[in-house]
Amino acid sequence: MTRLHVISAATRPTSSGRPLAAWVGERARAHGGFEVTSVDLAEIALPFLDEPEYASSGVYTNAHTLEWSALVGSADAFVFVMPMYNGGFTAPFKNAIDFLYDEWRGKPVALLSYSAGPTGGAPAAEMLLPVLTRLGMLPTERRVAVPGINALVGPEGFQAPEGLDDELTGMLDEVAALASEPVSA
């Protein structure tokens, strides 16, 4: 089974992204073929990059980096559930990506963005694509954007609007297909 990590990229304590990421994890489990691990960047709580060597060296000295490396390295594929702030992706998320290099390389990644406004965070996902490509990740062509997130999260968690489940299923199908393809050297 493909080991899929669903990463909630928000670090604000009141983020609507956590209920959304929990829903994505549930849907990925129901999809079949995935062993799902939920990862919350707020819980990981990485400091700003503090390793003396470049990430591409793979030489890590700090316990938090070694733990992050083991967690990311154990995945076959990812879904990033990411907010948009001021038209872009967040600094803590970029920082978490920058801590590592080989652990990301060659792995499929799907982007599910969200925002309070009408774009659903799509500009942030588009902005992140060159970073992921530079790392050698395999972004899915399908991306999901969830607009108006505040109205979709309540005491019962995330309430998916009509059609979102089908969009997510299509994206997960693509992740599964990319994960089953042999990695070219």
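The values are calculated or read from the model by the stated rules, or taken from the named source; none is laboratory data. As the structure is a prediction and not an experimental result, all values here were calculated from the model. Every residue, glycine as well, gets a Cβ built from its backbone with ideal geometry; the counts of neighbours run over all protein chains shown. Side chains included, ligands, DNA and RNA excluded: accessible areas come from the protein's heavy atoms. Shrake-Rupley method; radii C 1.70, N 1.55, O 1.52, S 1.80 Å.
For segment 151-175, give me each residue that is outside any loop (DSSP other than H, G, I, E, B) and among the polar types (S, T, N, Q). Of everything in segment 151-175, just one residue is outside any loop (DSSP other than H, G, I, E, B) and among the polar types (S, T, N, Q), namely THR169. Remark: pairs (first residue in segment 53-75, closer than 20 Å to VAL39 by Cα; second residue of a type in the set (D, E, K, R); Cβ separation under 6 Å; 6+ apart in sequence or on different chains) = THR65/GLU51; SER69/GLU103; VAL72/GLU103; GLY73/GLU103; ALA75/ARG3.
Based on this model, can you work out whether SER8 counts as in contact (Cβ under 8 Å) with a residue 24 or more places away in the chain and either exposed (fewer than 14 other Cβ atoms within 10 Å of the Cβ) or under 20 Å from TYR85 (Cα atoms) (or both)? So SER8 passes the test.
Can you say whether LEU112 is part of a strand (DSSP E or B) and touching a residue at least 12 places away in the same chain (Cβ under 8 Å), as far as the supplied structure shows? So LEU112 passes the test. Taking the criterion of being in a loop (DSSP other than H, G, I, E, B) and open to solvent by less than 30 Å² (accessible area, probe 1.4 Å), the residues of segment 88-106 that qualify are THR90, PHE99, LEU100, GLU103, TRP104, GLY106.
Please indicate, with yes or no, whether at least one residue in segment 140-150 is more than 22 Å from ALA96 (Cα to Cα) and assigned to a helix (DSSP H, G or I). Within segment 140-150 (the criterion being more than 22 Å from ALA96 (Cα to Cα) and assigned to a helix (DSSP H, G or I)), the answer is yes, since at least one residue qualifies. Look at (1) over 15 Å from GLY17 (Cβ atoms); (2) exposed (fewer than 14 other Cβ atoms within 10 Å of the Cβ); (3) modelled with pLDDT of 95 or more and you find that GLU156 fails only one, number (3). Taken over segment 107-129, the criterion of being over 20 Å from GLN159 (Cα atoms) and open to solvent by less than 70 Å² (accessible area, probe 1.4 Å) is satisfied by LYS107, PRO108, VAL109, ALA110, PRO123, ALA124, ALA125, LEU128, LEU129. Looking across LEU178, LEU132, one residue alone is touching a Lys or Arg at 6+ places or on another chain (Cβ under 9 Å) and either part of a helix (DSSP H, G or I) or open to solvent by 40 Å² or more (accessible area, probe 1.4 Å) (or both). It is LEU178. Of everything listed in (1) touching a residue at least 60 places away in the same chain (Cβ under 8 Å); (2) open to solvent by less than 50 Å² (accessible area, probe 1.4 Å), the single unmet condition for ASP165 is (2). Here is the figure for segment 101-121: residues that are in contact with a Gly (Cβ under 8 Å, 6 or more places away or on another chain) and under 22 Å from ARG3 (Cβ atoms) total 6.
When segment 18-57 is limited to residues that are more than 14 Å from the chain's Cα centre (by Cα) and aliphatic (A, V, I, L, M), the one that is surrounded by the fewest Cβ atoms within 10 Å (Cβ to Cβ) turns out to be ALA45. Kindly check whether there is at least one residue in segment 58-69 that is among the aliphatic types (A, V, I, L, M), in contact with a helix residue (DSSP H, G or I) (Cβ under 9 Å, 6 or more places away or on another chain) and either surrounded by 15 or more Cβ atoms within 10 Å (Cβ to Cβ) or not in a strand (DSSP E or B) (or both). There is no residue in segment 58-69 that is among the aliphatic types (A, V, I, L, M), in contact with a helix residue (DSSP H, G or I) (Cβ under 9 Å, 6 or more places away or on another chain) and either surrounded by 15 or more Cβ atoms within 10 Å (Cβ to Cβ) or not in a strand (DSSP E or B) (or both).
A search for C-beta distances below 6 Å between a residue of segment 12-38 that is farther than 20 Å from LEU152 by Cα and touching a residue at least 12 places away in the same chain (Cβ under 8 Å) and any residue that is in a helix (DSSP H, G or I) and open to solvent by 30 Å² or more (accessible area, probe 1.4 Å), counting only pairs 6+ apart in sequence or on different chains, returns GLY33/ALA176; VAL36/ARG29.
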